[in-house]
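Written out below as structure tokens is the structure these notes cover.
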Amino acid sequence: MISVVSKSYGIHPQTLRLYEREGLLKPSRTEGNTRLYSEEDLRQLEVILNLTRDLGVNLAGVEIILNMRRKMEQMQAEINEFLGHVRQELQRTNQDGEADAGEQALVRVAPAQIVKAERAPEPPSPSAKARDER
């Protein structure tokens, strides 16, 4: 409940209501319209408080950061799904008796040698050329 959460985190209940109005927190509600904060809501609140108290980020910045975190988590889930698909295909290929797909998929390349180029001598300036001709 809002009173328990506000006491636990040392913030005013109006601050929690503000975070909800700004869309930063979305607690569930009972039939009597009482806010109920889940473990996920509390983790989100801790992130918000860390950003605002410790790092000095304003609420607009917090919103941007939270949106970026959500997008990163979504992208990570998509990558994991893709990797799962690739693993399934590799297993299927190996079970079909074909050559080891892992050996076919990876190409080892030796790192290129880094060579420092020698500097070309600079052409003499016109004034130096005139002085040398005297």
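Computed quantities for the displayed model
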| read-out | value |
| --- | --- |
| Pairs, first over 13 Å from I48 (Cβ atoms) in region 6-26, second surrounded by 15 or more Cβ atoms within 10 Å (Cβ to Cβ), C-beta under 7 Å, six or more apart | S6/L16; H12/S6; P13/I2; P13/S6 |
| Test: residue in region 63-76 that is assigned to a helix (DSSP H, G or I), of a type in the set (V, I, T) and at pLDDT 95 or above | yes |
| Selected residue (criterion: least open to solvent (accessible area, probe 1.4 Å)) from residues of region 28-40 that are without any contact (Cβ under 8 Å) to a residue 24 or more places away in the chain and not polar (S, T, N, Q) | G32 |
| Selection count where residues are closer than 20 Å to R21 by Cβ and small (G, A, S), scope region 38-93 | 3 |
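The values are calculated or read from the model by the stated rules, or taken from the named source; none is laboratory data. Predicted, not measured: the structure shown is a model, and the values here were computed from it. Note: ideal-geometry Cβ built from the backbone for every residue, glycine included; neighbour counts use all protein chains shown. Areas reflect the complete protein model, heavy atoms only, side chains present, ligands, DNA and RNA absent. Shrake-Rupley method; radii C 1.70, N 1.55, O 1.52, S 1.80 Å.
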